[in-house]
Amino acid sequence: MRKSLHQRDGAAMQVGVTQFDDLNPHSLADLGWSAFFGDQLAPEDTALARMRIASVHRSRLTAQSESGPVQLSLAPHSKTTDFAVGDWVLVDPETLTEHSRLSRKSLLERHTEGARVPQLIAANVDTLFIVTSCNDDFNPARLERYLALANEAGTTPVIVLTKSDQTDDPTPFQQQAEALQRDLVAVTLNAKAPDAIAHLARWCGPGQTVALVGSSGVGKSTLLNTLSGKTDAEAQPTGAIREDDAKGRHTTTSRSLHAIAGGGWVIDTPGMRSLHVSDAAAGLDMLFAEITELAPNCRFRDCTHEHEPGCAVRAAVEAGTLDPARLERWRKLQDENRLNTPVLTGPRGNRTTVPRKRR
């Protein structure tokens, strides 16, 4: 096999995978390999190496192999945009050429306005840490968008509330966060403190993969540095927030895979200023389960829960058992999802997708 990436020239070290444990050998199980991926292998695949995508750049890929990080060559007709950090790929061990990508256990993707295809965020993520802070950045409506994303992707969401040391009592933030979805867990911590590792340890065990998402300035890079035990020279850059509105600047500009304390892996992502909801009907149903479960009790099957008689959802609002603000946010996300989700059109066998028209 060719030399691994850390054994070659120093310039190659700047690909976003060099940190205290990324350079050491890891078993496939350590890297997150499971029976889900093993079951996809054919007999002819036994000679191919199994590696995990560690970073995606415009013209190249890097991966974590059992011996350490390597730089991959793309197969003909492959594009870097076909891959997400966290993907498992089969690789020719002699040429380090990507041969094929295995099916994903989970996929986080972001729909952006005007784009024809979604932007891949991360693959094969077990837990999504949705990071916000105990200040003016805390926004239930924005957190609900991330929760819909996690639900649709098939990964477990956890709300991580940073900067708990900068508020007199973080409990109200935690209670508001956990009320956003049934059985949701919210954790309050100081991302700079060593005990942040202990607060998140149950999701960061050997072979587990977490991803960090959230707006800029909430402490994602600080939390990554704490979890991964990076030295000052290796640390992800962090930035201050504006005091007038608690907004931050982007300090992470690409996605990358890092080993973390406890034996797990973390995928860092850039801050997102916008997150459009699209093709997320199942994720929204899980997020707003209390509304989803009431809807079948409405008099009309196509009830919009706005003005129809016999509406069980509006009855719950009037009875004080359903938050009217919650219902209004449900309406907004449902409308956005309907408008942004393409529909199939054309004859069977030759269908295409077109955007929905506004009413």
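The values are calculated or read from the model by the stated rules, or taken from the named source; none is laboratory data. Bear in mind the structure is a predicted one, so any value in this text is a computation, not a measurement. Cβ coordinates were reconstructed from backbone atoms using ideal geometry, including for glycine residues, and neighbour counts include every protein chain displayed.
Kindly establish whether GLY264 is in contact with a Gly (Cβ under 7 Å, 6 or more places away or on another chain) and either touching a residue at least 24 places away in the same chain (Cβ under 8 Å) or not small (Gly, Ala, Ser) (or both). Yes; evaluated as a whole, the condition is true for this residue.
Of the residues making up segment 88-116, those that are of a type in the set (A, V, I, L, M), under 23 Å from ALA211 (Cβ atoms) and part of a loop (DSSP other than H, G, I, E, B) number 2. Considering segment 190-201, and only residues there that are surrounded by fewer than 18 Cβ atoms within 10 Å (Cβ to Cβ) and more than 18 Å from THR156 (Cβ to Cβ), the residue that is modelled with the lowest pLDDT turns out to be PRO194.
Counting the residues of segment 164-189 that are surrounded by fewer than 21 Cβ atoms within 10 Å (Cβ to Cβ), part of a helix (DSSP H, G or I) and hydroxyl-bearing (Ser, Thr, Tyr) gives 1. The set of residues in segment 166-219 that are without any contact (Cβ under 8 Å) to a residue 12 or more places away in the chain and under 20 Å from the mean Cα position of the chain (by Cα) comprises ASP183, ARG202.
Give segment 38-56 a look and list any residue that's free of Cβ contacts under 8 Å to residues at least 12 places away in the same chain and basic (Lys, Arg), or say none. Within segment 38-56, no residue meets the criteria. Taking the condition among the polar types (S, T, N, Q), under 21 Å from LYS105 (Cα atoms) and in contact with a Gly (Cβ under 7 Å, 6 or more places away or on another chain), does THR162 pass? No.
Being within 28 Å of PHE288 (Cα to Cα) and either in the same structural domain as ALA29 (by TED's automatic domain parsing) or surrounded by fewer than 22 Cβ atoms within 10 Å (Cβ to Cβ) (or both) is a property that does not hold for LEU161. Only one of the listed residues (LEU161, LEU107, LEU128) is more than 22 Å from THR226 (Cα to Cα) and either in contact (Cβ under 8 Å) with a residue 24 or more places away in the chain or of a type outside the set (Phe, Trp, Tyr) (or both). That residue is LEU107.
Of everything in segment 57-75 that is touching a residue at least 60 places away in the same chain (Cβ under 8 Å) and outside any loop (DSSP other than H, G, I, E, B), the residue that is surrounded by the fewest Cβ atoms within 10 Å (Cβ to Cβ) is GLY68.
Under the condition of being part of a helix (DSSP H, G or I), free of Cβ contacts under 8 Å to residues at least 60 places away in the same chain and of a type in the set (D, E, K, R), which residue from segment 283-305 is farthest from THR156 (Cα to Cα)?
Among residues in segment 283-305 that are part of a helix (DSSP H, G or I), free of Cβ contacts under 8 Å to residues at least 60 places away in the same chain and of a type in the set (D, E, K, R), the one farthest from THR156 (Cα to Cα) is GLU293.
Taking segment 88-137 as the search range and keeping residues that are of a type in the set (Ser, Thr, Tyr) and under 19 Å from the mean Cα position of the chain (by Cα), which one is farthest from LEU48 (Cα to Cα)? Restricting to residues being of a type in the set (Ser, Thr, Tyr) and under 19 Å from the mean Cα position of the chain (by Cα), the top hit is SER133. ILE130 fulfils the conditions (1) in the same structural domain as ARG50 (by TED's automatic domain parsing); (2) surrounded by 17 or more Cβ atoms within 10 Å (Cβ to Cβ) except for a single criterion, (1). With respect to being closer than 23 Å to ALA35 by Cα, in a strand (DSSP E or B) and assigned by TED's automatic domain parsing to the domain that holds ALA49, VAL85 falls outside the description.
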